[in-house]
Amino acid sequence: MHTVIKEVDVRMRKSIDSFKSEIAKLRTGRAHPSILDHIRIDCYGSEMPLNQVASVNASDARTLTITPWDKNMVQPIEKAIMNSDLGLNPATTGTVIRVPMPALNEERRKELIRVVRSEAETARVSVRNVRRDANNEVKELLKTKQITEDDERRLNDDVQKQTDKFIAEIEQLLTVKEADLMVV
């Protein structure tokens with residue numbers, strides 16, 4: 001019985017983690033190194049994540065500083081950032097790449113909020129799918145007489161409590177991100 005609940009917890013936690021990583025990619029007006037996490041650089045014939053070929057730091061609230069470990073990587077990194085869907089324009093000074101974060105206009109903020117809400121709905125659906133799978137598993141256990149009807153009811157209640165907890169966490173993350181996006 002406890003394995004069902006543990007599995008539900010693990011799978012729902014993965015949904016939350018996926019949601020967190022998706023909304024972290026959405027850029028606010030503030031500079032944060034994770035904004036560039038999904039950018040891949042063509043490095044000596046293979047694609048590598050930016051954080052494996054350079055150090056990325058926030059030098060101030062609106063500027064990221066990228067320092068490549070290999071001087072030959074300055075141009076490919078700059079090109080990859082310019083070609084990304086983030087709308088950023090890096091400026092190179094020697095071996096250091098500075099990426100200023102442009103301020104967001106009202107229209108872009110509202111568009112980003114729509115994207116965040118869509119990602120939140122996707123996460124909620126994912127959590128509900130885990131609940132459905134767990135409830136089906138509990139029904140199978142009841143059919144094969146491995147658990148009693150009381151155990152089934154208890155397990156279904158526990159699964160629902162987990163679902164409610166994780167959906168509340170999604171709502172809280174959504175609220176925080178929306179507030180973050182609306183800060184001018």
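The values are calculated or read from the model by the stated rules, or taken from the named source; none is laboratory data. Since the model is a prediction, treat every value here as computed from it, not as a measurement. Using ideal geometry, Cβ is built from the backbone for each residue, glycine included, and neighbour counts are taken over all protein chains shown.
Given the criteria among the aliphatic types (A, V, I, L, M), touching a residue at least 24 places away in the same chain (Cβ under 8 Å) and assigned by TED's automatic domain parsing to the domain that holds A168, does I113 qualify? So I113 passes the test.
Of all residues in region 59-84, those satisfying the criterion of being in a strand (DSSP E or B) and either modelled with pLDDT under 85 or over 20 Å from the mean Cα position of the chain (by Cα) (or both) are S59, D60, T63, T65, I66, T67, P68. Look at region 132-145: where a residue is without any contact (Cβ under 8 Å) to a residue 60 or more places away in the chain, no partner that is crowded, with 16+ Cβ neighbours inside 10 Å and hydroxyl-bearing (S, T, Y) sits 6+ places away or on another chain with Cβ atoms under 8 Å. When A24 is tested against (1) in contact with a Ser or Thr (Cβ under 7 Å, 6 or more places away or on another chain); (2) part of a helix (DSSP H, G or I); (3) surrounded by 15 or more Cβ atoms within 10 Å (Cβ to Cβ), just one condition goes unmet, and that condition is (3). Would a scan of region 125-142 turn up a residue that is hydrophobic (A, V, I, L, M, F, W, C), at pLDDT 90 or above and closer than 21 Å to V176 by Cα? Yes, region 125-142 contains a residue that is hydrophobic (A, V, I, L, M, F, W, C), at pLDDT 90 or above and closer than 21 Å to V176 by Cα.
Selection of region 96-136 for residues being surrounded by 15 or more Cβ atoms within 10 Å (Cβ to Cβ) and small (G, A, S) yields A120, A123, S126, A134. Scanning region 26-59 for residues that are touching a residue at least 12 places away in the same chain (Cβ under 8 Å), acidic (D, E) and over 25 Å from V116 (Cα atoms) gives a single hit, D42. The single condition among (1) under 30 Å from S84 (Cβ atoms); (2) exposed (fewer than 15 other Cβ atoms within 10 Å of the Cβ) that K139 does not satisfy is (1). Scanning region 86-132 for residues that are closer than 22 Å to S59 by Cα and part of a loop (DSSP other than H, G, I, E, B) turns up L86, G87, L88, N89, P90, G94, T95, M101, P102, A103, L104.
Here is a yes/no grid of residues against (1) of a type outside the set (D, E, K, R); (2) in contact with a strand residue (DSSP E or B) (Cβ under 6 Å, 6 or more places away or on another chain); (3) farther than 30 Å from T163 by Cα:
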site	(1), (2), (3)
V8	yes, no, no
R11	no, no, no
S15	yes, no, no
R40	no, yes, yes
A61	yes, no, yes
L64	yes, yes, yes
K71	no, no, yes
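Among all positions in region 30-44, there is at least one residue which is aromatic (F, W, Y) and surrounded by fewer than 16 Cβ atoms within 10 Å (Cβ to Cβ).
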